[in-house]
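Structure, as structure tokens:
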Amino acid sequence: KGDSVGSDEYIDVDVPFTSFTMEWNAGTGDAIATCADDSENCPDEETLTNPRPIMIYAKGVVGTFDLRIKTISAYGCDPVKMKSMAAASQEGSDEPDEIVVEDFSRPGGPLNEWTTMDDPVMGGKSYSSMEIERGVAAKFTGYCAVVPKLEAPGFVTMSTGKSGRFAKGKPAAFPDLSTCDGFQIEGRSDTQYNGYYLSFGTDKAPKMHHGRGYKAHVNGLPSSDSDAGTSGGGSGWNTTSPKWAGRLSDKEFGTVTLPFASFSSYWDEGSGKTITECSEDDPKYCPTLATLRNIETVSLWGEGVEGDVALDVRGIKAVGCRSGRYAKMLTSLGVADDGHAGHTYAFDMATLGPGVVLAAVCLALVVGVRKWWENRAKNAGPYGEVPPISSEMEVNVLRSELVEVRKAMSAMERGAMSGNNL
């Protein structure tokens, strides 16, 4: 909003991509080497395809600031190319429509801040660490140990976003995935470990104690003792096998596709295994469209299986975003955005009876108490004080009215148990 003090007019400020650089002073924000000095400092095509996150800095200059921004948009785009892309989107394409959720292979690092959390917060002995090699992948390693008090394996996680009282890190930013059909993970494991899970969201199923979100088992990634390949279709990622410094593994990365329908919010909090699956017959544990519009948090787990965890992840995508099959399925089942199935109610007296009785009794109680208090106020003392309750009859009247309220509530509960609840 304006580049002069006190300006009330919004103006357009053009910032060419060539004015950006990757090499800048962390203290002042000033460029050390510009894009013109070295093309390696210029934004590359991959970054421009998916520029998240975008941040506005106030840095390196002492003073008060008041910056107001209405919009941020790109300019100078090729209209012919944009038109052809729009036409391709409308006509459909053989290539899957994808949205990047996280990319650990970006030269500038991942889109969000990731941290680890293990079961020692619950008294366990597991441990883990995470290393991000920019331009390559994230390396998640550790050991899932048996929790002494539970006599069962615990968990290790790498997470972004905040979920639960033990959550660390900053809030994460995610795109809208409500038109997509599932996740695709590109990664590999350096061990034969069968306890990898992916979870997202913060919804809590009614029968869960502490666990939140939707979780699915990740199975089929290439491991140190398995054949290279992919699961769930071809990979849209660059699957060239980068080598970690000092590591012997040369296993190539592969992909695993996890449909949203394979996730459930009702899972075993000790093992991670699904208790009740998301299904068309019982969709209440399926990921909701409201959650998919903002998943808030994503976690990769090593859970429920004792052993070494060594997972390398290059990225997480949402796939099938052009078809919208998952959203159509929920809509066809009458599931609302919040996951509750729609209902048609028959408003007969058998259904409304308990509620009407309760409302009538409560209204009568309020009116009776008000009249009773007004009558007592007439006998107030010279300074307006109201005499204490001394009549046994007054006490009995109040008691009888409370009994009627309890009877009405019991009737309503019986109606709910017989399926006549609203």
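The values are calculated or read from the model by the stated rules, or taken from the named source; none is laboratory data. These numbers were taken from a predicted model, which means no experiment stands behind them. Cβ atoms come from the backbone with ideal geometry, glycine included; neighbour counts cover every protein chain shown. Note: areas computed on protein heavy atoms with side chains; ligands, DNA, RNA excluded. Shrake-Rupley method; radii C 1.70, N 1.55, O 1.52, S 1.80 Å.
Rolling a 1.4 Å probe across all protein chains gives Ile11 an accessible area of roughly 80 Å².
Shown in residue order for the range 56-66 are the 3J(HN,Hα) couplings computed by the Karplus curve 6.51 cos²θ - 1.76 cosθ + 1.60 at θ = phi - 60°: 10, 9, 10, 8, x, 9, 6, x, 8, 10, 8 Hz (x for Gly and Pro).
Taking amide H atoms as placed 1.01 Å from N in the peptide plane, the amide H of Leu258 lies under 5 Å from those of Phe183, Gln184, Ile185, each 5 or more residues away in sequence or on another chain.
Computed 3J(HN,Hα) for the range 108-118, one whole-Hz value per residue from the Karplus formula 6.51 cos²θ - 1.76 cosθ + 1.60 where θ = phi - 60°, is x, x, x, 6, 10, 8, 10, 9, 10, 8, 10, glycine and proline marked x.
Put a plus charge on the Cβ of each Lys and Arg, a minus charge on the Cβ of each Asp and Glu, and nothing anywhere else: the dipole of the range 275-321 about its Cα centre is then about 400 debye. Approximating the spin labels as points 7 Å out from Cα along Cα→Cβ, the Lys162-to-Asn294 distance works out to 1.3 nm.
The phi torsions of the range 302-309, fed into the Karplus equation with coefficients 6.51, -1.76 and 1.60 and a -60° offset, translate into couplings of x, 8, x, 10, 6, x, 6, 10 Hz, rounded to whole numbers, with Gly and Pro shown as x. Go ahead and collect, in residue order, the members of the range 127-155 whose backbone nitrogen is under 19 Å from a label point 7 Å along the Cα-Cβ direction of Phe20. Of the residues in the range 127-155, 134-136 have backbone N under 19 Å from the label point off Phe20. Distant-in-sequence amide contacts of Asp97, defined by a placed amide H-H separation under 5 Å and a gap of 5 or more residues or a different chain, comprise Gly320, Cys321, Arg322.
Sorting the segments 15-26, 194-205 by their mean number of nearby beta carbons within 10 angstrom, highest to lowest, gives 194-205, 15-26.
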